[in-house]
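Please treat every number below as a calculation from the coordinates, not as lab data. Note that the structure is predicted; figures quoted are calculated from it, not measured. Please note: Cβ atoms are built from the backbone with ideal geometry, for glycine as well, and neighbour counts cover all protein chains shown.
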Amino acid sequence: MNRALKTSLFSVITAQLLKIPFEYMQTGKWNIGTMFTPGGMPSSHSAGVSSLATYVGLKKGFQSVDFSIAALLGLIVMYDASGVRRHAGETAIVVNDLEESIEKLAESHPELSSYRKREKELKERLGHLPSEVVAGAAYGVLVGMLSYLTGKRKRRLF
């Protein structure tokens, strides 16, 4: 496995681990399961693509096609995390609340007796707030830089 991929995977995994203490600071409860959920602080997707782009930029040059591809991929992923996936999570909250209201209404209205509640609620935590994306990106840049600086460099004789 090449160093760029290792760097990116490392930043994704460690960003997921960082979600545990961030959630503890927010809720006062330790929840190891947070490590396996999307959304939250910091964005591991943003960390992964930012560390990849940073490492590739430092290794191959910021004018290289390789960096351009990694940077564009990163921008798309971060836009998706803070836009589409975040709005999908907000929609899930509304749908889950609506379903709860219908269930209460069905108790007092016989014509709604055929209503069957879904067994599983929709996942509400899917995307990221812009601050979570920025934090993940900053963490990824740091990891990418550290990976480049600690990596083996080929020595040039001439």
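Residue 26 label point, 7 Å along Cα→Cβ, cut-off 19 Å on backbone N: hits in region 46-84?
Backbone N within reach: 46-48, 78-84.
Take the Cα pairs of region 1-62, get the Kirkwood Rh, then feed it into Stokes-Einstein at 37 °C and 0.692 mPa s and tell me D in µm²/s.
266
Find, among the chymotrypsin sites (Phe, Trp or Tyr not before Pro) in region 41-73, those assigned to loop by DSSP (not H, G, I, E, B) with at most 13 other beta-carbon atoms within 10 angstrom.
62
Pairs on different chains or at least eight residues apart, Cα atoms closer than 23 Å: how many lysine pairs in region 1-79 fit?
Within region 1-79, the lysine pair count is 4.
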